[in-house]
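Engineer: For reference, the structure I am asking about is given below.
The values are calculated or read from the model by the stated rules, or taken from the named source; none is laboratory data. Keep in mind it's a predicted model, so treat the numbers as computed, not measured. Glycine also receives a Cβ, built like all others from the backbone with ideal geometry; neighbour counts cover every protein chain displayed.
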Amino acid sequence: MRVSVLVPAALLSLLPLACGDSNPPPQDPSQQNQYGNPGQYPPGQYPPGGNTAGQYPPGQYPPGQYPTATNTVPPAQTAPPAGTTPAATGGQATPMAPAAAMGADLILTGLAQQEAPGAQAEGTAFAGQFQQGQVLEQPINLQPGKCYTIVGASLGGVTELDIMIQGQIPPMPPSTLAQDQGTGPTATLGGKAAGCWKYPLPLAAPAKIVLRVTGGAGIAAAKVYMK
């Protein structure tokens, strides 16, 4: 009985040596950061190189080092002064239906009586809604020996209306055969002062009447007369 009691006692005395101490040894104070946890520094003292990720709380930077602000707001657009006309846009005007264009016939007929007495209308009026710089084209078949007058008028804010006759014989590029010389919201090519414009070639040829608004914007219409 005495031996069985002594053996367990001997084994118990060896357990601390086999398992070791469960408590870790205290750290050397010389190896610890004197300010607490690693990566922390006293106020106003930071490692060289500025604020790298994780060194300072979000939104805080060392003295004299701040992020550069970037203005991402687009510049404000300044509207043109009231009453001004937009800059020339070019391109084609919006054509109006023939029935709507006939509403300009009264004005055009009155102009034709003054500028082309005795001439006959060649087709119907054509009209469009214009922005400054836009054009409207109307095909025409020029006849040899005929004399042409084209009258144009406008409504709305149009301040300058121009009329041209352009011809094109393939493969040649388009060329301007005649152009009005007046100014203002009405235009006449081959009017009374200069006389009607006579087509000089002995053969018929396709051409086009070009109505252009070079000042202002609004509705403009034109009509061809021939004799």
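Engineer: Could you please give the count of residues in the stretch 183-224 that are part of a strand (DSSP E or B) and at positive phi?
Structural biologist: The number of residues fulfilling the criteria is 1.
Engineer: Hey, another quick one. The conditions are (1) among the β-branched types (V, I, T); (2) outside any loop (DSSP other than H, G, I, E, B); (3) modelled with pLDDT of 95 or more, and V158 fails exactly one of them. Which is it?
Structural biologist: Tallying (1) among the β-branched types (V, I, T); (2) outside any loop (DSSP other than H, G, I, E, B); (3) modelled with pLDDT of 95 or more, V158 fails exactly one: (2).
Engineer: Within the stretch 83-105, can one find any residue that is in a loop (DSSP other than H, G, I, E, B), without any contact (Cβ under 8 Å) to a residue 24 or more places away in the chain, of a type outside the set (K, R) and at positive phi?
Structural biologist: yes
Engineer: Taking T124 as the residue in question, decide whether it is buried (at least 20 other Cβ atoms within 10 Å of the Cβ) and of a type in the set (S, T, Y).
Structural biologist: no
Engineer: Can I ask one more? Kindly list, by first and then second residue, each pair from a residue in the stretch 172-194 that is free of Cβ contacts under 8 Å to residues at least 60 places away in the same chain to a residue that is part of a loop (DSSP other than H, G, I, E, B) and of a type in the set (D, E, K, R), limited to pairs with Cβ atoms under 8 Å and residues at least 6 apart or on different chains.
Structural biologist: So the pair list comes out as A187/D180; L189/D180.
Engineer: Scan A178, A193, A221, A187 and give me the residue that is farther than 22 Å from M102 by Cα and surrounded by 19 or more Cβ atoms within 10 Å (Cβ to Cβ).
Structural biologist: Unique residue meeting the criteria: A178.
Engineer: When the residues of the stretch 100-113 are narrowed to those that are surrounded by fewer than 17 Cβ atoms within 10 Å (Cβ to Cβ) and in contact with a Ser or Thr (Cβ under 9 Å, 6 or more places away or on another chain), which ends up modelled with the lowest pLDDT?
Structural biologist: M102
Engineer: Given K146, K192, K198, K208, which one is under 35 Å from the mean Cα position of the chain (by Cα) and basic (K, R)?
Structural biologist: K208
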